[in-house]
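Quick note: the coordinates plus some simple rules give every number you see, no bench work behind them. Note that the coordinates shown come from a computational prediction; the quantities given were computed from them, not determined experimentally. Here the Cβ is made from the backbone with ideal geometry for all residues, glycine too, and neighbour counts use every protein chain on show.
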Amino acid sequence: MRIGVLTGGGDCPGLNAVIRAIVRKGERIYGDELVGFLDAWDGVMDRRTTALTVESMRGTLPRGGTVLGTRRGSPFDHPDGVERVAATVSDLGLDGIIVIGGNGSLTVASKLFDDHQIPVIGVPKTIDNDIEGTDITFGFNTAVQIATDAIDRLHTTAESHDRVMVVEVMGRDSGWIATEAGIAGGAAVVLIPEIPFDVGQVCERIIRRHERGRYASIVVVAEGAQPIAGTMEVAERSIDRFGHARLGGIGSIIAEEIRERTGFDTRPVLLGHVQRGGTPTAFDRVLSTRFGVAAIDAAHGRHWGEMVAARGREVIPVPLSEAVGRTRQVDMTVYRDVAEVFFA
Ligand code: F6P
């Protein structure tokens, strides 16, 4: 077979491990030819390609980022985008394209398959862990580990100065990173988009904690967390050119509010893209490798229009339509029954 591969959306630890696994099984076991598209869908539309071989992927397993380059954007943003994608598939003699991406790229892939019969297979990628249809996405474990390491470091400086540290983590409209890093890092409070917060209640918790003699507190805030309407002023979210809300900054607003309401010395920490950079954890290397192998197997099984997904101990193909159009929210049993037990 001749299979195209692209990485779309934000970069994520484990992308190279997925590509490497596709290439390894594709070339060595199936005798496939793998064509990499540069810079996501732009590379498909403009026919900017690179040969992906076992040789060219050597040494990439632990490397963060993506050797193919990535960006946001979709063929549907261009009047002739879909025709250009279809022409590339046909002119390059491709049997299909493996799309390694998050909600945005998988939605594009699903529409290309459903409405234009372009053969695609998805691989769920995102540090946010917010894709439906799979128990977990690759990159998430690495982001949680990075955030946890940061929280561990913040504990000692917070304790030395009797400070409240407000740590903002990524995750868009789901609080997976916040919840898991909050549990792993021993946070006093975790605020997630799924549950609007009352900053007054957050302050009460921290004050109670201080009354018990604990003068340092870590508050973990997901970037998409929002106050209960009318409880705190926050600026309207602006929208970027791809229609996504611009997030980031809520941690600083909350830190200032806590400082004003409690008088405690408070500092905001914005972890930002550090959470996406660098080498994947062993867990993510294994998951990415399993996803890559499953994706090339799915191509040979002609599971077009499907996505490889982790279900329990297995990795199996599931319809892309099960994954797109919604966001996977935090498992409330983990938040309510576990994380909350440790809140101040
Ligand atoms: O979806 C991954 C993610 O890192 C989100 O957690 C974050 O909101 C967003 O991407 C940041 O996007 P950008 O890299 O475009 O600033």
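Annotations
- Secondary structure note: in region 30-138, about 40% of the DSSP beta bridges are antiparallel.
- The translational diffusion coefficient of the chain, from Stokes-Einstein at 4 °C and 1.567 mPa s with a Kirkwood hydrodynamic radius over alpha carbon pairs, comes to 62 µm²/s.
- Positive-end residue, region 141-276 charge dipole about Cα centroid, Cβ charges, pick of Thr157, Thr231, Val189: Thr157
- Beta bridges by DSSP in the chain, antiparallel share as percent, to the nearest 5: 25 percent
- Summing charges over neighbours of Gly96, with a neighbour being any other residue whose Cβ is under 14 Å away from its Cβ, gives -3 when K and R count +1 and D and E count -1.
- Ordering Thr279, Gly96, Met332 by Cα displacement along the dipole of the chain toward the positive end leaves Thr279 in first place; charges were set at the Cβ atoms of Lys, Arg (+1) and Asp, Glu (-1).
- Sequence-distant contacts, meaning Cα pairs under 8 Å at least 6 residues apart, place the relative contact order of the chain at 23 percent.
- Antiparallel %, DSSP beta bridges [both residues in region 141-276], to 5: 5 percent
- Computed magnitude of the charge dipole of region 167-257 (debye, nearest 20; Cβ of K, R +1, Cβ of D, E -1): 260 debye
- Against the empirical curve 2.2 N^0.38 Å, the C-alpha radius of gyration of region 166-303 lands at a ratio of 1.30.
- Taking other residues whose beta carbon is less than 12 angstrom from the beta carbon of Met1, and scoring Lys, Arg as +1 and Asp, Glu as -1, yields -2.
- C-alpha center-to-center spacing [region 39-114, region 287-327] in angstrom: 17 Å
- Under 5 Å between amide hydrogens, built in the peptide plane, is the criterion, and for Val221 it picks out Val167, Glu168, Val169, Leu191 among residues at least 5 positions away or on other chains.
- Taking amide H as placed 1.01 Å from N in the peptide plane, Met307 has its amide H under 5 Å from the amide H of Gly122, Val318, Leu320, each at least 5 places away in sequence or on another chain.
- In a reduced charge model with +1 at each Lys and Arg Cβ and -1 at each Asp and Glu Cβ, the chain shows a dipole moment near 760 debye about its Cα centre.
- Values of log10 I(q)/I(0), in the order q = 0.12, 0.14, 0.15, 0.19 Å⁻¹, for region 236-344 under a Debye, Cα-only, solvent-free model: -0.79, -1.00, -1.08, -1.25
- Integer Hz, Karplus 6.51/-1.76/1.60 couplings in order for region 231-247, x for Gly and Pro: 8, 7, 8, 9, 5, 4, 6, 8, 10, 7, 6, 9, x, 8, 5, 7, 10
- Computed over the chain with a Gaussian network model linking Cα atoms closer than 10 Å, the most mobile of Arg212, Arg261, Arg290 is Arg212.
- If you wrap the tightest convex hull around every Cα atom of region 41-158 and split its volume per residue, you get 142 Å³.
- Counted by Cβ distance under 13 Å from Thr60, the other residues give a net charge of +4, where Lys and Arg count +1 and Asp and Glu count -1.
- A P(r) calculated from all alpha carbon pairs of region 76-121, with 10 Å bins opening at zero, reads 27, 62, 12 percent.
- Annotation: amide H of Thr266 within the under-5 Å range of Val164, sequence separation 5 or more or interchain, hydrogens built in the peptide plane.
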